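Contents: one structure, followed by commentary.
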Amino acid sequence: MKNKRTVLVTGGCGFIGANFIRMLHSDCQDWRVVNLDKLTYAGNLKNLDGIREGERYRFVRGDICDAELVAKLFVEERIDTVVHFAAESHVDRSITGPGAFIRTNIEGTFTLLEAAKKAWLGGNKSVTQPCFLHVSTDEVYGSLGETGRFNETTAYDPRSPYSASKASSDHLASAYFHTYGLPVRITNCSNNYGPYQFPEKLIPLVFNNAMHNKALPVYGDGKNVRDWLFVRDHCEAIVEVLQKGRDGQCYNIGGNNEKENLEVVTLICDLLDQKLGLAPSGQPRRSLITFVTDRLGHDRRYAIDATKIREQLGWEPKATFEKGMEETVDWYLANRKWVDAIVNGSYRQYYAAMYSEQE
């Protein structure tokens, strides 16, 4: 990782963004990171504790839809690389309130693309070898049957407001490459898991409920299948796309870990039983599993074919699901204060106080 970069990371206080910044801070000594994050409910400054502002890192609180702010950052920092994580991402929230998803995921992406186009393709072309990496999801492809996998040529078929908004932003990013020649690359990843994941998502939600002897809700029959990708593997794949990828190309990033939701929940229960003993009731934590009414438009199965990124860029995941899950559970056990701060909302008071305003 020898070449210097100034990287605008959007949504860097979120789950994947924070893990990515931590990895860059550790492994890419020559790279400067500008972290632009609005600090909505899922953005947490505590995710980046230990990373100080200075020559290699700057945090900017702001909205990716703020065209003036975004354009200013491109000029001030001479941004040559964008890694665009910022997005509303929870499917359930998109069903009950899709408006925020349209604004952030589509309008926000448009604002960033416009700023990059002006900065990189305008009259001042002082930035050499720029790259705009748009991070997306496998959910844009829709639902699979019992066989087959998504690849980069799979037709888009989004089924929720969330996946539809991401599909729209993917097409917009691709259009800026084809229309204007903007150096865009797109990644579509499977379900991430690991440290710092907001507890509305399946794995941290199950962990927290199991720790408090609460019901563990499982949608439908629990047989919906997802391909699970350890977040560190995902971050390493993104660096490979930045370093070796080609403009105008899409790369699918998967973990080679297809699991039914029920399998995921039972593994967490079993790991906690092994590490902490049985639940206070004296029963295995599996007894807390409760089947609930299925989510509207719930896709049955996702699976990623990551052949392209393996063959062209030499990347493949390192973590098995069992190893990654044990590391994840150990992290949550060792960071209960972080989990509790999310659950009780005190993390929001922390950054509200820092910015002298009420959230």
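Descriptive notes on the structure:
- The residue list Ser136, Ser89, Ser126 contains one member that is at pLDDT below 95, surrounded by 16 or more Cβ atoms within 10 Å (Cβ to Cβ) and of a type in the set (S, T, N, Q), which is Ser89.
- In the range 220-264, the qualifying residues are those that are surrounded by 21 or more Cβ atoms within 10 Å (Cβ to Cβ) and among the charged types (D, E, K, R), and the one that is nearest to the chain's Cα centre (by Cα) is Asp233.
- Residues in the range 145-164 include none that are touching a Leu at 6+ places or on another chain (Cβ under 7 Å), farther than 28 Å from Asn335 by Cα and charged (D, E, K, R).
- Restricting Arg286, Arg295 to those that are in a loop (DSSP other than H, G, I, E, B) and either of a type in the set (D, E, K, R) or in contact with a Cys (Cβ under 9 Å, 6 or more places away or on another chain) (or both) reduces the list to Arg295.
- Residues in the range 154-168 that are hydrophobic (A, V, I, L, M, F, W, C) and either touching a Cys at 6+ places or on another chain (Cβ under 7 Å) or within 14 Å of Arg93 (Cα to Cα) (or both): Ala164 only.
- Filtered by the rule that a residue be touching a helix residue (DSSP H, G or I) at 6+ places or on another chain (Cβ under 8 Å) and under 24 Å from Tyr332 (Cα atoms), the range 38-77 gives Leu39, Tyr41, Ala42, Asn44, Leu45, Lys46, Asn47, Leu48, Ile51.
- Selection from the range 1-42 of residues that are surrounded by fewer than 21 Cβ atoms within 10 Å (Cβ to Cβ) and aromatic (Phe, Trp, Tyr): Trp31, Tyr41
- Meeting the requirement of 2 or more residues that are of a type in the set (Ser, Thr, Tyr) and in contact with an Asp or Glu (Cβ under 8 Å, 6 or more places away or on another chain), the strands (runs of 3 or more DSSP E) wholly within the range 1-114 are 5-10.
- Annotation: Val127 fulfils all but one of (1) hydrophobic (A, V, I, L, M, F, W, C); (2) in contact with an Asp or Glu (Cβ under 6 Å, 6 or more places away or on another chain); (3) part of a helix (DSSP H, G or I); the unmet one is (3).
- Tabulated pairs, the range 100-127, first over 16 Å from Asp37 (Cα atoms), second modelled with pLDDT under 95, C-beta under 6 angstrom, 6+ apart or interchain: Trp120/Val127
- Unmet requirement for Leu112, which otherwise passes all of (1) touching a His at 6+ places or on another chain (Cβ under 8 Å); (2) modelled with pLDDT under 95; (3) among the hydrophobic types (A, V, I, L, M, F, W, C): (2)
- For the range 221-267, the tally of residues that are touching a helix residue (DSSP H, G or I) at 6+ places or on another chain (Cβ under 6 Å) and over 25 Å from Leu205 (Cβ atoms) stands at 4.
- Being without any contact (Cβ under 8 Å) to a residue 40 or more places away in the chain and closer than 27 Å to Phe85 by Cα is not true of Arg301.
- Note on the range 158-204: residues that are farther than 19 Å from Pro98 by Cβ, of a type in the set (Gly, Ala, Ser) and under 18 Å from the mean Cα position of the chain (by Cα) amount to 3.
- Single match in Gly277, Gly297, Gly314 (criterion: at positive phi, modelled with pLDDT of 90 or more, surrounded by fewer than 17 Cβ atoms within 10 Å (Cβ to Cβ) and in contact with a Lys or Arg (Cβ under 8 Å, 6 or more places away or on another chain)): Gly314
The values are calculated or read from the model by the stated rules, or taken from the named source; none is laboratory data. None of the values given here were measured: they were computed from a predicted structure. Cβ sites come from the backbone with ideal geometry, for glycine too, and all protein chains shown count toward neighbours.
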